[in-house]
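The values are calculated or read from the model by the stated rules, or taken from the named source; none is laboratory data. Every value quoted in this text rests on a predicted model; they were computed, and no experiment measured them. Glycine gets a Cβ as well: all are built from the backbone with ideal geometry, and neighbour counts include every protein chain shown. Side chains included, ligands, DNA and RNA excluded: accessible areas come from the protein's heavy atoms. Shrake-Rupley method; radii C 1.70, N 1.55, O 1.52, S 1.80 Å.
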Amino acid sequence: MVKKNNSKEKATKDFTINFEVPIKHHVFTLKSAKKWLEQNIKVKNLDNNDLEDKLKLSISDKTTLIISIDNTINFTKRHIISLVKNFLKIKKAKYYRISPISPNDFSIIAVK
């Protein structure tokens, strides 16, 4: 017999982005990246303020940003990658790119 889980916890997808290399090279700060992503993430023309608790950005340590998204929202990895690419372009960090580490983990690396 399988018991159903009737808890109020929501299932979320967590995406991790490691900004260690550009932060070490003093290109930008993690707080500026978090602030820019909070202002520019949109899902179905709703921004972060309208999504309330369905989308959360948090800083786990000095170089890592975690994006937690509720499973009820249709939000793809491609959207996160394009947002990070746009952020790098705005900061004129043309020698950096986003690279996947695992399916939900990304890292910003330097390109030679």
**Per-region count, segment 60-104, residues open to solvent by 70 Å² or more (accessible area, probe 1.4 Å) and in a strand (DSSP E or B)** = 3
**Request:** Identify the single condition in (1) in a strand (DSSP E or B); (2) open to solvent by 40 Å² or more (accessible area, probe 1.4 Å); (3) touching a helix residue (DSSP H, G or I) at 6+ places or on another chain (Cβ under 7 Å) that Asp14 does not satisfy, given that it satisfies every other one.
**Result:** (3)
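Table: residues versus (1) under 23 Å from Ile109 (Cβ atoms); (2) modelled with pLDDT of 90 or more; (3) touching a strand residue (DSSP E or B) at 6+ places or on another chain (Cβ under 6 Å).
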{"position": "Asn5", "(1), (2), (3)": "no, no, no"}
{"position": "Ala11", "(1), (2), (3)": "no, no, no"}
{"position": "Phe15", "(1), (2), (3)": "yes, yes, yes"}
{"position": "Ile23", "(1), (2), (3)": "yes, yes, no"}
{"position": "Val27", "(1), (2), (3)": "yes, yes, no"}
{"position": "Ser32", "(1), (2), (3)": "yes, yes, no"}
{"position": "Trp36", "(1), (2), (3)": "yes, yes, no"}
{"position": "Glu52", "(1), (2), (3)": "no, no, no"}
{"position": "Lys56", "(1), (2), (3)": "no, no, yes"}
**Within segment 30-59, considering residues that are open to solvent by 80 Å² or more (accessible area, probe 1.4 Å) and not in a helix (DSSP H, G or I), the one nearest to Ser102 (Cα to Cα)** = Lys56
**Item:** Answer from Lys62, Lys54 - the residue that is of a type in the set (Lys, Arg) and touching a helix residue (DSSP H, G or I) at 6+ places or on another chain (Cβ under 9 Å)
**Value:** Lys62
